[in-house]
Amino acid sequence: MNKLMSILVLSLLFISTGHTKEIKIGVVMPMSGPIGGFGQHAVKGLNLAHSLNPKLKNGDTVKVILLDNKSDKIESANAATKLISSDKVSAIIGALTSTNTMALTKIADDAKVPVVAPVATNPLVTKNRTFISRVCFNDNFQGDVAANFVFNDLKFKNVVVITDVKNDYSIGISKVFKTKFKAMGGKILKVMQINQGDSDFKAMLSNIKKLKPELVFIPFYSAEVALIAKQANQLGIKTKFLGTDGMAGDKVFFEVGGKAVEGFYGTNLFSPDAPKTTQASKDFDKAFRAKYKEAPHPFGVLSAESYNVILSAMNKCDDPTDTKCVNKNIRATKDFQGVSGIISLNEKGDAVRSAVIETIKDGKSVYLKTVNP
């Protein structure tokens with residue numbers, strides 16, 4: 001009898017575990033190249049989220065497949081193709097920046113595989129795309145936040161804008177900022193242009209010095225901002241600077257900029273020092289600090305959020321590999337109690353969420369205020 005019971009128990013265990021399977025989520029991140037630091041921060045948060053929730057509610061195991069896009073849009077497209085065609089993923093997280101994310105959106109949309117972008121803020125990322133969503137705000141909101149802060153909080157009326165013309169993110173947010181700032185009564189003294197990878201900005205900065213703006217708006221990435229800060233300091237430029245979420249994303253901003261970036265302002269996606277609005281945010285912050293001995297980075301938090309939103313959607317599907325069902329439930333995300341706060345997605349796949357304003361003090365980003373949509 002005991003032997004018979006043992007056989008029955010083993011049979012039942014075999015049957016119950018036989019129905020569970022491995023669900024694959026692809027990840028496209030810049031782990032090397034000019035913005036490799038962004039990807040390193042992002043994957044820390046993603047890995048923690050996966051370790052905290054490695055399975056779906058039905059017992060299926062989640063496998064994360066990470067591909068390095070080398071900070072390149074062609075590599076981003078190739079990575080998406082491989083993940084969809086060869087690895088048969090049921091969803092994709094990535095590719096962090098707007099330009100690289102837009103390089104893969106058509107591929108994923110055509111294949112009907114949902115993509116959740118952690119921090120790709122350009123409005124074009126989700127435009128006319130059924131299977132592309134994001135857990136960050138878009139630059140229509142960020143540009144408004146930046147313009148309002150300059151005009152209403154700092155009380156500045158005369159501004160110079162510098163745009164990286166090789167960067168879709170920079171082009172998009174510059175346009176929104178200029179439109180909003182002028183509509184409020186502000187004056188754009190001049191729009192300057194740089195190219196990602198430039199290193200000598202002294203001629204441009206000399207012209208800015210002559211214009212005597214109250215503030216320079218610099219919506220682009222860490223390396224170029226740091227060099228502009230350093231060279232502006234060498235030229236004795238005392239004006240204020242306002243960057244966006246790409247400004248302090250990499251340690252190169254602080255290492256190269258040094259004391260020259262002190263007092264810079266920045267809009268951002270998340271601040272670990274902002275008041276926590278969910279229990280999930282409190283728990284994730286505690287777990288992140290325990291694991292990595294540092295505060296969570298915004299890119300890491302939003303990458304973790306992307307993973308959690310996808311898992312939540314999969315848990316609502318009878319078949320978590322049904323990409324249409326997963327996408328439908330991603331888009332239906334409402335009042336999600338996430339690790340980055342409370343998040344909802346609208347019909348376009350864009351997140352409706354708050355932004356934060358920070359300033360650089362003593363070599364680190366310091367939280368100033370939260371701006372709600």
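Miscellaneous remarks
- Among residues of the range 328-364 being assigned to a loop (DSSP other than H, G, I, E, B) and of a type in the set (Val, Ile, Thr), the one that is surrounded by the fewest Cβ atoms within 10 Å (Cβ to Cβ) is 333.
- For residue 367, the conditions (1) within 21 Å of residue 128 (Cα to Cα); (2) assigned to a strand (DSSP E or B) all hold with the exception of (1).
- Options 54, 30, 34; residue that is over 28 Å from residue 248 (Cβ atoms) and not polar (S, T, N, Q): 54
- Elements of type strands (runs of 3 or more DSSP E) contained in the range 92-208, each with 1 or more residues being aliphatic (A, V, I, L, M) and surrounded by fewer than 21 Cβ atoms within 10 Å (Cβ to Cβ): 187-194
- Annotation for the range 284-293: no member residue is closer than 20 Å to residue 145 by Cβ and in contact (Cβ under 8 Å) with a residue 40 or more places away in the chain.
- Within the range 197-220, the set of residues being touching a Leu at 6+ places or on another chain (Cβ under 8 Å) and among the polar types (S, T, N, Q) comprises 199, 206.
- Of all residues in the range 16-63, those being assigned to a loop (DSSP other than H, G, I, E, B), among the small types (Gly, Ala, Ser) and touching a strand residue (DSSP E or B) at 6+ places or on another chain (Cβ under 6 Å) number 1.
- Filter pass, residue 229 being out of contact with any Cys (no Cβ under 7 Å at 6 or more places or on another chain), outside the structural domain of residue 171 (by TED's automatic domain parsing), over 19 Å from residue 98 (Cβ atoms) and not polar (S, T, N, Q): no
- Among residues of the range 245-275, those that are loosely packed, with under 15 Cβ neighbours inside 10 Å and either basic (Lys, Arg) or within 16 Å of residue 229 (Cα to Cα) (or both), counted: 6
- Whichever residue in the range 209-229 is over 20 Å from residue 167 (Cβ atoms) and in contact (Cβ under 8 Å) with a residue 12 or more places away in the chain and, among such residues, is surrounded by the fewest Cβ atoms within 10 Å (Cβ to Cβ): 212
- Matching entry among 246, 236 (being more than 23 Å from residue 37 (Cβ to Cβ) and in a loop (DSSP other than H, G, I, E, B)): 236
- Selection within the range 89-132: residues that are of a type in the set (Val, Ile, Thr) and at pLDDT below 95. The member of this set that is nearest to residue 345 (Cα to Cα) is 121.
- Flag if residue 323 is more than 17 Å from the chain's Cα centre (by Cα), surrounded by 18 or more Cβ atoms within 10 Å (Cβ to Cβ) and either within 20 Å of residue 134 (Cα to Cα) or among the small types (Gly, Ala, Ser) (or both): yes
- Answer from 283, 250, 198 - the residue that is assigned by TED's automatic domain parsing to the domain that holds residue 335, at negative phi and not aromatic (Phe, Trp, Tyr): 283
- When we screen 324, 361 for residues that are over 22 Å from residue 27 (Cβ atoms), in contact (Cβ under 8 Å) with a residue 60 or more places away in the chain and of a type in the set (Lys, Arg), the only hit is 361.
- Failed item, numbered, when residue 336 is tested on (1) touching a residue at least 40 places away in the same chain (Cβ under 8 Å); (2) of a type in the set (Phe, Trp, Tyr); (3) not assigned by TED's automatic domain parsing to the domain that holds residue 216: (1)
The values are calculated or read from the model by the stated rules, or taken from the named source; none is laboratory data. Small disclaimer: the values here were computed from a predicted structure and weren't measured. So basically every Cβ, Gly included, is an ideal-geometry build from the backbone, and we count neighbours across all protein chains shown.
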